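Below: one structure, written as structure tokens.
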Amino acid sequence: MCWYAHGEVFVRNKSMRERVVGSTSSASNLQEVANDNSNPYKNMAIDAMRMNQGNVSQCPIVEEEPNADAVKFFDLLKDCDEPLWDNCTNHSKLSVVAQVFTIKSDHGLSEADYDKIIKWVRSILPKRNRLKENFYFAKSMMKPLGLGY
């Protein structure tokens with residue numbers, strides 16, 4: 001296991017940076033995503049993938065359909081970038097669920113308490129929001145991160 005999995009910041013130098021151009025494979029998409037450090041929730045998803053699959057820079061680039069784990073991972077990356085509602089600029093589907101899970105954990109809330117909070121929050125959000133309806137659906141979204149809620 002690499003040190004960045006223990007809380008240290010992983011810094012790439014120029015010799016470690018790998019760029020794949022012109023490929024649409026899932027491995028090349030993962031490589032391009034690994035070079036983007038602007039979204040902390042995307043970094044959380046990438047870190048979870050690295051802890052389960054090893055360092056991304058060591059992955060061979062193979063043109064094939066992604067396996068079930070890769071599909072879940074890429075869905076999680078989409079959730080990192082998908083706004084909570086159209087034109088929302090400060091929250092994504094993943095960021096809100098992660099923050100509410102943190103509140104649930106910090107305050108020892110039950111699943112029923114979580115569901116009550118989400119029901120209330122959804123009532124004040126725009127109608128076409130993308131917030132998961134309850135704890136069960138939110139937990140299934142977070143499962144690929146391996147957080148064990």
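Laid out as a table, the results:
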quantity	calculated
Greater than 20 Å apart at Cα, pairs in K72/K132; K78/K116; K78/K143; K119/K139; K104/K127; K42/K127	K78/K116; K104/K127; K42/K127
Under-5 Å amide H pairs with S92, H placed in peptide plane, nonlocal only	L84
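No lab work stands behind these numbers, since they all come straight from the coordinates. Because the structure is a prediction, the values reported are computed rather than measured.
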